[in-house]
Structure formats: C-alpha cells, structure tokens
Amino acid sequence: MKVLFVASECAPFVKTGGLADVVGAVPKALEPLGVDVRILLPAYPALADLLRRGETLLHLDDLFGGPARLVSVQSDGLNVILLDAPHLFDRAGGIYLDESGTDWHDNHLRFGALCTVATRIATGQLTSWKPDLVHAHDWQAGLVPLLIKLAGSDHKPPCVMTIHNIAFQGLFHWSTRELFAIPDEHFTHEGAEFYGHFGFLKAGLAYCDKITTVSPTYAQELLTPEFGMGLEGLMQARQQDLSGILNGIDLDIWNPKTDPALPAPYSVHNRRNKSRCRAALEQKFSLQNDAESPLFCVISRLTQQKGLDLLLEVLPALVERGGRLALLGSGEKQLEDGFLQAAQDHPGRVGTFIGYDEELSHLVQGGSDAIIIPSRFEPCGLTQLYGVRYGTLPVVARTGGLADTVVDATPDAIKEGRATGIQFSPIDAAGLNDALERTCALFERKRVWRSMMGNAMRYPVGWEQSAPEYHDLYLRTLSR
Ligand code: ADP
Ligand code: GLC
C-alpha cells in the first residue's frame, strides 16, 4: 500500500513541536506492515542539505508566483518528497512566523501551494509513484481532500485527515478560495466556511474520508464546545468517521540506554546512572545538589494551552516543600519572564533555560525525577511519554492524551504495581498544588517511588499498538 503523508514539519529535519515527532515516527512503524509512505514537506532552509542530496522528480514552471520542483530524497529511514519553491519557503525566520514573530503574511499561499502539489502527486502526476491513499496532517494540509475532489483526474485516492491540535485552524480571508479555484458552493457552513473566513482545517475535516486525532479521550473531547473550538458541530456530524489513535514515540531516539545526550546510560534494570544524569542537569541549570529533594522539570512551548501560568502560581509552595525545578521552554514573553524571575527568586532551587534545544531536552528528561504537564487541553502530548520511558514520572492534568497515557498513583494502582505517574483535575492552581504535594510525599516513600519508576519504564509507549490501528484504518478507508 502506498500512502502520501502531507505535513509542514517532520523530525529529525524540521520541528516546532510534537507534530514533527509523529510525522517522522509513524512511517517507520508502518513500514514492517507493508505500507510505503512518502512524506511531502516544504523545503525550508533547514532542509537545504537534504535538498542538495535529492533527485529532481518534476519541474513546475509557475507555482503561485515562482518556479518550483519536487525532489525525492531518503534520509534517517524516511522517504521524503521536498517541495522546493524558494519564493515560498526559502527565507530566514521561522517556518510559520516571520522574524518579528507574526504569521507569515502569505501562509495561505505557502501551505495552499503545498496542498496543490500534494493533489498533483495524489492524482498521479508522478508517473513513478502513485499513492493509494493520502494522509493529511493538521491545517497546513487541510485543502488536500477538497482539491482532490475538484481535480479533473480518474485517480482520486481517499484521504485521512489527522487533527494534532484543533486550536490551529488556518483561518484566512474568504477570498482565499479564489486563489485555489474553489467554487462558491464549497464556501458554506457544511464546507470550508468558518464565520466568514476560509478555513483550511475545516475544509479538510468536511471533505476527507476519515478523521483521526491523537488520543481516544481527545476524540471524545472534540465533540464538546469546551474543546471543539467552534468545530464541535462538524465533529458531531462526522462522529462515525472520527477515531482517536494514540501517539507513540520513537523508541530508538528516546532510549536512556543508548541516548548520546546523557552523560551515562541507564535502563529499567540498572538505574544507578540516573543520578549521574541528575548531577549533570543540576550543573547545567545551576541547581543545588540535593538527593533528598525531588527534581521536577518542564519541557514545553510556553503558551496558554500548556497551563504553565498555574505552575508559576504554585512554584513558591513547591520550593517551600523542598522541590526543585528545571524548565526548558520558549514562547509567550510573560511566561518566559515569569520563569526567569522565579529562577532569580529561588537561586539553586529553580533553573530556567529559555530557548529550543533538542539535545538539552534529552538531558532534562534523563536527569529529572518528575515532569510537570498542567495542560488545559492536550490532544496527546509526547513529553509524558518520554518521561515514562526515562523513569521521570509525569505529573499531568487529566485531559486528552495525558489522561490516556498516565496511570494515576491511586492506592489500588500502587498496590497492583500499575501506577506510572500522577493525574489531577480540576485543572487549576489548587489542583496542581495538590498533585505536587502528593508527588513530593510519594518521592519520600522510596520503595513506592522506585517501583513506580519500574512500572513507568516498562510501560509500552512505542507504536506497537497504534501503527496497526492506522494500517486497519487505511484498509477500511480503501474499501469504502
Ligand atoms: P506540542 O506539540 O503541543 O508542543 P508535544 O508534547 O506533543 O506538545 O510535543 C512537544 C515536543 O517538542 C516534544 O518532543 C518536546 O520534547 C519538544 N519541545 C518542546 N519545547 C522544547 C524546547 N524548548 N526544547 C526542546 N524540545 C522542546
Ligand atoms: C499537537 C498537540 C500535542 C500532540 C502533538 C502530536 O502539537 O498539541 O498534544 O502530542 O500535536 O500529535
């Protein structure tokens, strides 16, 4: 089976968040099941090396204002098709944001062009490779199902659309549809229209064959006004076609036994070296060495979604209780400033590192005792899964994929040897504060903590269950 992935990011080549990790991991997990995945990605400057190594498949004289080409390349176990369109993607700045931190003014064109090219591949313009199915990820790939529907071709493969985060919808001026020759009849409440705007994600969800999201709980939450972000009506209408398939992680990249970012390897059977990782982390974040104090960490975008304002509120109490914190993150200025200030207020007890640093994120996972994720909503979340794999117990808000992947340390779960972390709700400062208090108390019960670490490190967090679920879904979609 041949499947075309369409996405705006893919690890290890270009990444701003979990979308990249998942797009880079699923194809490898599907390969043993006989699925041949090619990933269509924009050729941003970060991919210049890949581009040079690739082989041109197709030239396009004019793709919305400039020449473009498709380049095929294999790297890191992935088959990638790069969309080389310098006028759209070869620029300094972020992949979504310009250097001043605002959305690129032509994002509708950039990602609309990605969808246009995806449609050409889908409908068979590359004679060498014709996909049986298209798997579109998030709003940046949202136009593909509709463009395929409108294409004048005999080969129209079905589309699966995955929602990684419904908060990002790709909403643009209503006239955007003209650029892509989308007839008015599709600019309706049932189609691509969203309160007078043209919605890329909405178009995808309205016209695709199947919808998935990245955890079963988030699939349920999407049906409600609290989480649906205005698309709950559409989600309800398409409930029959909606399913939640839990994210996994790449067990080769995230393995404390072989991780080159750790000063010393460890495993579930031999955990002694975790304390050497902790010492390295303490040094890096200027934290006091204190074996009796639990070392908490955060690795996150600093945005409203992630609930880290709640952590700022309860941080003095955590420090008072003896806890320490290492935070690696970047995002909203107010939160960055808040955590920088906290590090000044609590020298040796709170360390803040503002920035995005993939390698450092491994050391933070390896050296911490627990990872805090107080998200207001979380489609799946990956850092709790990395935490579980590294014996760094997750303290999580009970929502979305966090609820599905962490076994709360209730007395029963502890007794039965199932507990892997701590969940809390309601998701507010008091809830988080209680959870941190519980965690500190568990940390003092050394035997219990050690056995929870073992449960966590043995917990299945790879793709062994979810890859076959995607495969089954593809088969069902093809036999529609
Ligand atoms: P989201 O995609 O919503 O940001 P996820 O938990 O799914 O949340 O994925 C976040 C990914 O980004 C993880 O791989 C995490 O390790 C990584 N990450 C987030 N912030 C940073 C940072 N400041 N430095 C390095 N990695 C980060
Ligand atoms: C989104 C979500 C996150 C999820 C990731 C990968 O960025 O916010 O919860 O883990 O996508 O699916």
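The values are calculated or read from the model by the stated rules, or taken from the named source; none is laboratory data. Computed from a predicted structure; not experimentally measured. All Cβ positions, even for glycine, are placed from backbone atoms using ideal geometry, and neighbour counts span all protein chains on display. The accessibility values were calculated without ligands, DNA or RNA, using every heavy atom of the protein model including side chains. Shrake-Rupley method; radii C 1.70, N 1.55, O 1.52, S 1.80 Å.
At a Förster radius of 41 Å, what calculated FRET efficiency corresponds to the Cβ-Cβ distance of residue 179 and residue 332, to the nearest 0.05? If you can, show how the numbers build up before the last one.
Numbers: r = 32 Å, r/R0 = 0.77.
About 0.80, to the nearest 0.05.
Past 28 Å, Cα to Cα: identify those pairs from 284/333; 15/333; 257/446; 257/333, in the order given. Walk me through the intermediate numbers first.
Details: 284/333 23 Å; 15/333 21 Å; 257/446 23 Å; 257/333 36 Å.
Violating the 28 Å Cα-Cα cut-off are 257/333.
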>> I'd like the Karplus ³J(HN,Hα) series for region 407-418: coefficients 6.51, -1.76, 1.60, θ = phi - 60°, whole numbers in Hz, and an x wherever there's a Gly or Pro.
In response: 8, 5, 7, 6, x, 4, 5, 5, 4, 7, x, 10
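Give me the accessible area per residue for region 115-155, probe 1.4 Å, as a whole number in Å².
Numbers: 1300 Å² over 41 residues.
On a per-residue basis, 32 Å².
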>> Explain nothing, just compute: Karplus ³J(HN,Hα) = 6.51 cos²θ - 1.76 cosθ + 1.60, θ = phi - 60°, for every residue of region 389-396 in order, whole Hz, x for Gly and Pro.
In response: 5, 9, x, 10, 5, x, 10, 10
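Scan the chain and report its longest stretch carrying no GluC sites (Glu not before Pro) that are both in a DSSP loop and have at most 14 other Cβ atoms within 10 Å. Before the final figure, lay out the partial values.
Numbers: sites that count: 99, 190, 292, 416, 464.
Longest run free of exposed loop sites: 293-415.
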> So who's got an amide H within less than 5 Å of the one on residue 58, skipping anything under 5 residues away but keeping other chains? H placed 1.01 Å off N, in plane.
Replying inline: 70
>> Give me the percent relative contact order of region 36-83, please, defined on Cα pairs under 8 angstrom at least 6 residues apart.
In response: 44 percent
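Taking all protein chains in place and a 1.4 Å probe, what share, in percent, of the accessible surface of region 1-99 do carbon and sulfur account for? Let's see the in-between values first.
Values: 1870 of 3920 Å².
Accessible surface attributable to carbon and sulfur in region 1-99 totals 48 percent.
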>> I need the shape label for region 314-388. Rule: rounded when a/c is under 1.5, else prolate if a/b > b/c, else oblate, with a, b, c from the alpha carbon gyration tensor.
In response: rounded
> When we measure straight from the Cα of residue 130, which lysines land under 25 angstrom away, once same-chain ones fewer than 8 places off are left out?
Replying inline: 2, 28, 149, 156, 210
>> Quick check: convex hull over the Cα atoms of the chain, volume per residue in Å³, rounded to an integer?
In response: 144 Å³
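To check you understand DSSP bridge types, tell me what percent of the beta bridges within the chain (both residues inside) are antiparallel, rounded to 5.
Counting DSSP beta bridges with both partners in the chain, the antiparallel share is about 25 percent.
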> Counting only protein heavy atoms, what percent of the accessible surface of region 274-458 is carbon or sulfur at a 1.4 Å probe?
Replying inline: 49 percent
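Loop-only chymotrypsin sites (Phe, Trp or Tyr not before Pro) in region 333-381, please: DSSP not H, G, I, E or B, and at most 10 other Cβ atoms within 10 Å. Numbers along the way, then the final one.
Details: sites: 339, 353, 356, 377; in loops: 356, 377.
Passing sites in region 333-381 do not exist.
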> Can you run phi through the Karplus equation (6.51, -1.76, 1.60; θ = phi - 60°) for region 261-268 and list ³J(HN,Hα) in whole Hz, with x for Gly and Pro?
Replying inline: 7, 8, x, 8, x, 8, 8, 4
>> Sequence gap at least 6, Cα distance under 8 Å: using those rules, report the relative contact order of region 217-315 to the nearest whole percent.
In response: 11 percent
> How large is the accessible surface per residue of region 274-458, computed with a 1.4 Å probe and reported in Å² as a whole number?
Replying inline: 38 Å²
> Can you list the residues, at least 5 places off or on another chain, whose amide H is less than 5 Å from the amide H of residue 244, using H built in the peptide plane?
Replying inline: 213
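Determine, from the Cβ-Cβ distance of residue 220 and residue 284 and an R0 of 45 Å, the FRET efficiency 1/(1 + (r/R0)^6), rounded to the nearest 0.05.
Working: r = 40 Å, r/R0 = 0.89.
Once rounded, the FRET efficiency stands at 0.65.
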> Around residue 397, which amide H atoms from residues at least 5 apart in sequence, or from another chain, sit under 5 Å from its own amide H, with H modelled in the peptide plane?
Replying inline: 373, 375, 424
>> Under a crude label model (7 Å from the Cα following the beta-carbon direction), how far is residue 292 from residue 258 in nanometres?
In response: 4.0 nm
